[in-house]
1. So how do 326, 141 line up by other beta-carbon neighbours within 10 Å, fewest first?
2. Between residue 3 and residue 169, what FRET efficiency comes out of the Förster formula 1/(1 + (r/R0)^6) with R0 = 51 Å and r the beta carbon distance, rounded to 0.05?
3. Provide the FRET efficiency to the nearest 0.05 for the residue 334-residue 214 pair, computing r from the beta carbons and using R0 = 25 Å.
4. Just the Kirkwood number for region 1-94, please: inverse of mean 1/r across all distinct Cα pairs, in Å, one decimal.
5. With each label point set 7 Å from Cα along the Cα-Cβ vector, what nm distance links residue 110 and residue 286?
6. From the Cα gyration tensor of region 236-320, with a ≥ b ≥ c the square roots of its eigenvalues, which class applies: rounded if a/c is under 1.5, or else prolate if a/b is larger than b/c, or else oblate?
7. Using only the Cα atoms of region 1-157, build the gyration tensor, take square roots of its eigenvalues as a ≥ b ≥ c, and label the shape rounded, prolate or oblate: rounded if a/c is under 1.5, else prolate if a/b is larger than b/c, else oblate.
8. Please identify which residues in region 46-64 have an amide N closer than 19 Å to a label point set 7 Å out from the Cα of residue 85, following the Cα→Cβ vector.
Ligand SMILES: Nc1ncnc2c1ncn2[C@@H]1O[C@H](COP(=O)(O)OP(=O)(O)OP(=O)(O)O)[C@@H](O)[C@H]1O
Ligand SMILES: [Mg+2]
């Protein structure tokens, strides 16, 4: 019987996982270096340590009945060793290791017939003075008709580590020099979609309705459920999510980001964890992505993903400056119908995700309009 859950990382995702786990009677410990991290504030025990520290991860796993994570950029080797020694780690650490290298993940999907954009390796970094780099870049550009986006294989998030290529020489690409890079052909998508898929330890799957995600400055800004798309496109997105999940090992939530074409989709990337595109499931669905993840990794049956309202919209709250959190305007937000703000207990910094607001409504337009009103009313 699983009682103690260990989570590597105690940020907002760890916090919302904790909020789902505690009412079910589980005991949660998070590994996080920051004192009184967001998850600890809502009742998780905290082990102070770096998420990249294998010894700290081992300590966490040894005091937990099952160990999971809220972020990819952690010591995967330590997790792989722990799993080999018989510790219960979910999902499978080998899946995390595969996904963590974005180029490797891309090839993994391509090899299994999952539609992805064309891609090519740019070798080990565009080191200054490395003539081959410019050759690689020129070749990649020619291959993709000049339409390419350069991505770091490791450690990217919120678009950091990505760069749209505009014909610069390797020398001019200061920001990404010396990293492991690859290039993807730019996809002329009509929308960005995401599907949250989850599998339990018995191998049963649950798939949430398709959402539309809108990014601003590479950061997820608005999420709408269900996505406003043709039923055929929706069927394609759901099918690709099912198919992708089949190739991922272990129990838990996987978020599958997609680009929508006319009536087909490309997978952009997979997050082997709960995801920003699923925050609205807390109010919008009978079982949230967080509760599904907890159910999945603890060997419990999954819940229903049915929507509780015809439409839901989530907007992120990003910090604007380095100042203590102001909740000025909260009274206006709370006066709006079926509107649910969430603050993560993080200090604001420019572009830092510090909270989100979810609105349920009779239709998408109504929910979107209310969500906009709510976001504008709040001065963070
Ligand atoms: N091949 C592509 N064609 C067109 N747009 C792309 C492509 N790859 C990425 N983008 C755009 O850049 C955004 C961020 O890319 P990606 O998902 O690779 O980065 P990330 O740093 O992992 O972001 P996040 O943390 O938000 O998931 C995508 O959501 C999309 O808007
Ligand atoms: Mg992404």
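1. The most exposed by this proxy come first: 326, 141.
2. Using R0 = 51 Å, I get an efficiency of 0.35.
3. So the FRET efficiency works out to roughly 0.55.
4. Evaluated on region 1-94, it is 12.7 Å.
5. Using points 7 Å along Cα→Cβ, the separation is 4.1 nm.
6. rounded
7. prolate
8. Answer for this model: 47-64.
Every read-out reported here was derived from the displayed coordinates using simple, explicitly stated rules and does not represent laboratory data. On a predicted model such as this, the values are computed, not experimentally measured, just so you know. Glycine also receives a Cβ, built like all others from the backbone with ideal geometry; neighbour counts cover every protein chain displayed.
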